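The values are calculated or read from the model by the stated rules, or taken from the named source; none is laboratory data. What you see is a predicted model; the values in this text were computed from it and never measured. Glycine also receives a Cβ, built like all others from the backbone with ideal geometry; neighbour counts cover every protein chain displayed.
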Amino acid sequence: MAAHRGKHVPVLLERCLELLAPALNRPGAVHVDATLGLGGHAEAVLQAHPETVLIGLDRDTEALAHSRERLAAYANRVHLEHAVYDELPQVLTKLGFDRVDSVLFDLGVSSLQLDQADRGFAYAQDAPLDMRMDQTTGMTAGQVVNEYTAQELARVLRVYGEEKFASRIAGAIVRERAKAPITSSAYLAELVRDSIPAPARRTGGHPAKRTFQALRIEVNGELSTWERALPSAIDALKPGGRVVVLSYHSLEDRITKQIFAARARSNAPIGLPVELPGTGPTLKLLTRGGAELPSEAEVEHNPRAASVRLRAVQQI
Ligand SMILES: C[S@@+](CC[C@H](N)C(=O)[O-])C[C@H]1O[C@@H](n2cnc3c(N)ncnc32)[C@H](O)[C@@H]1O
């Protein structure tokens, strides 16, 4: 476990701490880390705020076990829960918290998940096609690949993977699985590579990268969960509370932007001289003019940060 800690550098850590601080520098502050992972951001928050109570969620039981060990020194003010992040309202009720001061989402997969060959997330390592962040429940990538129709597969690859050759890849999958079920990640990666025209294989990283990302998003229902989770997290904030989001996929960032923007503007009919009660904005955008990007130095030091987009808001 310690080996993973060495390799994982929390993304945009200083900026996250800076954005969370005004909400957490208040008596009795409660912080939610909704994507606990290896506990890097969580540990830094606990260190920076010696009075703050932390609620950590993850749908991956291995991540929780890892973080439980890492955060053992803070056990008297830490609650760790195995949950999908759209279950935050139920978790808060269960733990007896009404509202919280801040919520951090660091979306996507952890380096623990990517590094563990047997989880099937990585196209570079051969493993059974699983890709579930929560291995206790739900459909695997193998089921998607072997049971979806060609049209459904093509849609997943096109929409979630932004894959130009989605139909060709889906067609090749359907042809191959008619001979024998596709069960290995290395075999799928090779099939994808062979379905892409040779000149296109030379650009944009490994040819199977987009397909694997798309399958992961489908298997874990990542976008629909995110659309439900973000509004509930905002609703759980105390006045002055803050939400910080790190996303790594353009569709996740678009959902974040739209949900924040809808609550940061007035819903009053245009032309009224004063705001009607209940129609004013409920959020203030802390990252104006679009999402914040990582510096070149951060990307050099931490390649995982390359595609990150940071957005943050404060409850008014
Ligand atoms: C990028 S990692 C977080 C890394 C963490 N910030 C750190 O510093 O170690 C994302 C984590 O969120 C978890 N996760 C992703 N989607 C989730 C969801 N819908 N509900 C709960 N946890 C989720 C993953 O299992 C993974 O452990």
> Within the range 227-249, which residues are assigned to a helix (DSSP H, G or I) and in contact with a strand residue (DSSP E or B) (Cβ under 8 Å, 6 or more places away or on another chain)?
Replying inline: ALA229, LEU230, ALA233, ILE234
>> On the basis of being farther than 22 Å from LEU223 by Cα, part of a helix (DSSP H, G or I) and modelled with pLDDT of 95 or more, does ALA3 make the cut?
In response: no
> Hey, does the range 248-259 have a residue that's basic (Lys, Arg), within 24 Å of PHE121 (Cα to Cα), away from the ligand (no atom under 16 Å from the Cβ) and surrounded by 14 or more Cβ atoms within 10 Å (Cβ to Cβ)?
Replying inline: no
> Restricting to helices (runs of 4 or more DSSP H) lying wholly in the range 141-198: which have 2 or more residues that are free of Cβ contacts under 8 Å to residues at least 60 places away in the same chain and more than 16 Å from VAL219 (Cα to Cα)?
Replying inline: 150-161, 166-179, 185-195
>> If I go through the range 31-49 residue by residue, how many of them are part of a helix (DSSP H, G or I) and out of contact with any Phe, Trp or Tyr (no Cβ under 6 Å at 6 or more places or on another chain)?
In response: 8
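Of the residues that make up the range 41-51, is at least one β-branched (Val, Ile, Thr) and crowded, with 22+ Cβ neighbours inside 10 Å? Working first, answer last.
Filtering the range 41-51 down to residues β-branched (Val, Ile, Thr) leaves 45.
With the extra rule that they be crowded, with 22+ Cβ neighbours inside 10 Å, the set shrinks to 45.
Yes, the range 41-51 contains a residue that is β-branched (Val, Ile, Thr) and crowded, with 22+ Cβ neighbours inside 10 Å.
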> Restricting to the range 18-30, what's the tally of residues that are buried (at least 23 other Cβ atoms within 10 Å of the Cβ), assigned to a helix (DSSP H, G or I) and away from the ligand (no atom under 16 Å from the Cβ)?
Replying inline: 1
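How many of the residues in the range 52-109 are among the small types (Gly, Ala, Ser) and crowded, with 18+ Cβ neighbours inside 10 Å? Spell out how you get there, then give the answer.
Start the filter on the range 52-109 by keeping residues that are among the small types (Gly, Ala, Ser), which leaves 56, 63, 65, 67, 72-73, 75, 83, 96, 102, 108.
So of that shortlist, the ones also crowded, with 18+ Cβ neighbours inside 10 Å come out as 56, 63, 67, 83, 102, 108.
So the count comes out to 6.
Working carefully through the options LEU230, LEU223, LEU215, find the one that is within 18 Å of ALA122 (Cα to Cα), hydrophobic (A, V, I, L, M, F, W, C) and out of contact with any Lys or Arg (no Cβ under 9 Å at 6 or more places or on another chain).
So the residue among LEU230, LEU223, LEU215 that is within 18 Å of ALA122 (Cα to Cα), hydrophobic (A, V, I, L, M, F, W, C) and out of contact with any Lys or Arg (no Cβ under 9 Å at 6 or more places or on another chain) is LEU215.
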> Among the residues of the range 50-65, which ones are within 8 Å of the ligand (Cβ to nearest atom) and either assigned to a helix (DSSP H, G or I) or more than 21 Å from the chain's Cα centre (by Cα) (or both)?
Replying inline: ALA63
> Listed residues VAL219, VAL243; which is more than 28 Å from ALA312 (Cβ to Cβ) and within 16 Å of the ligand (Cβ to nearest atom)?
Replying inline: VAL219
>> Just to check your reading of the model, which residue among ARG309, ARG210, ARG228 is of a type outside the set (Val, Ile, Thr), modelled with pLDDT of 95 or more, out of contact with any Ser or Thr (no Cβ under 9 Å at 6 or more places or on another chain) and closer than 26 Å to ASP134 by Cβ?
In response: ARG228
>> Every residue in the range 66-96 that is more than 23 Å from ASP235 (Cα to Cα), within 15 Å of the ligand (Cβ to nearest atom) and aliphatic (A, V, I, L, M), please.
In response: LEU71
> Is there any pair with a first residue in the range 62-88 that is in the same structural domain as VAL32 (by TED's automatic domain parsing) and over 18 Å from GLN135 (Cα atoms) and a second that is assigned to a helix (DSSP H, G or I) and hydroxyl-bearing (Ser, Thr, Tyr) whose Cβ atoms are under 6 Å apart and which are 6 or more apart or on different chains, and what are they?
Replying inline: LEU88/SER232
> Does LEU237 meet the test of being surrounded by fewer than 18 Cβ atoms within 10 Å (Cβ to Cβ) and among the aliphatic types (A, V, I, L, M)?
Replying inline: no
> Taking interchain pairs and intrachain pairs at least six residues apart, which have beta carbon atoms under 7 angstrom, with the first residue in the range 269-293 and in contact (Cβ under 8 Å) with a residue 12 or more places away in the chain and the second buried (at least 16 other Cβ atoms within 10 Å of the Cβ) and among the acidic types (Asp, Glu)?
Replying inline: ALA291/ASP253
>> Just to be sure I understand the filter: pairs with C-beta atoms under 9 Å, separated by 6 or more residues or on different chains, first member in the range 17-32 and over 24 Å from ASP58 (Cβ atoms), second member among the charged types (D, E, K, R) and surrounded by fewer than 23 Cβ atoms within 10 Å (Cβ to Cβ). Which pairs pass?
In response: ARG26/LYS238; PRO27/GLU51; GLY28/GLU51
> Is it fair to say VAL45 is closer than 23 Å to ALA141 by Cβ and either among the β-branched types (Val, Ile, Thr) or near the ligand (Cβ under 8 Å from one of its atoms) (or both)?
Replying inline: no
